[in-house]
1. Once you put a point 7 Å from the Cα of Arg69 and another 7 Å from the Cα of Ser144, both along the Cβ direction, what distance in nm separates them?
2. Give the residue from Ile35, Val151, Leu54 lying farthest towards the positive end of the charge dipole for the stretch 15-170; charges sit on Cβ (+1 for Lys and Arg, -1 for Asp and Glu) and the dipole is referred to the Cα centre.
3. Among the lysines in the stretch 15-170, how many pairs, 8 or more places apart or on different chains, have alpha carbons under 28 Å apart?
4. Using the Karplus equation 6.51 cos²θ - 1.76 cosθ + 1.60 (θ = phi - 60°), what ³J(HN,Hα) coupling, rounded to whole Hz, does each residue of the stretch 46-60 give in order, writing x for Gly and Pro?
5. Which order do the peptides 148-160, 111-123 come out in when sorted by mean C-beta neighbours inside 10 angstrom, highest first?
6. Contour minus end-to-end for Ser16 and Glu103, with contour as 0.36 nm per residue of separation and end-to-end as the Cα-Cα distance?
7. What fraction, in whole percent, of alpha-carbon pairs in the stretch 15-170 exceed 28 Å separation?
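Where a number appears in this text, it was derived from the coordinates with a stated rule and is not lab data. What you see is a predicted model, and the numbers here were worked out from it, not measured in a lab. Cβ sites come from the backbone with ideal geometry, for glycine too, and all protein chains shown count toward neighbours.
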Amino acid sequence: MGTVASEGTRGAHGFSYIEMLVVCALLGILATVVIPVFRWEDKRRREVRLKATLEIMRGALDQYNKYARQGLVQIEDVEQCALPANRETCWPLDLEQLVEGVEVGDPKSPDIQVIQFLSRIPVDPITEEAKWGLRSYQDEWDSSSWGGENVYDVYSLATGQALDGSYYETW
């Protein structure tokens, strides 16, 4: 006995042209909503990494200064300290000094060790380069040029505005 298609099932084997257009339109609308969300999420992740990186670098600078205030860092350059008689203002000469390490120890003791404060100069997650804006102790707190005497602070060289409305170089 052969199978005979009934008249009611004749068009049920595929989608109509109108149905395909509706599905494509819905997918297009969803894509226009989802793509910006993914871009914002990527930007948010980079901003979180930038804040963490700045915190690590500033922590390394502070740790160097702590050792210098205790008289444990051998100061090689008089320009390194804003006031040579005051060890409170001693900061590293550059970021490379934090990577290469410094001799730390009591000057009266033969036990001197080299301490690295950073394993490498981190990459700025926004610019994707290992270049940072630097400020010395003698510079203004919001200066965008480095005096070159020492490194008191770091900031991102990224131009642009963060999701919270602030500018990266002010972080």
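1. Computed distance between label sites Arg69 and Ser144 equals 3.2 nm.
2. Ile35
3. Details: Lys43/Lys51; Lys43/Lys131; Lys51/Lys66; Lys51/Lys131; Lys66/Lys108; Lys66/Lys131.
For the stretch 15-170, the number of qualifying lysine pairs is 6.
4. Computed from phi, the couplings for the stretch 46-60 are 5, 5, 5, 5, 5, 4, 5, 5, 4, 5, 5, 5, 5, x, 5 Hz.
5. Top to bottom by mean Cβ count within 10 Å: 148-160, 111-123.
6. Details: separation 87, 0.36 × 87 = 31.32 nm, distance 7.77 nm.
In short, 23.5 nm is gained.
7. The proportion of pairs with Cα distances above 28 Å equals 40 percent.
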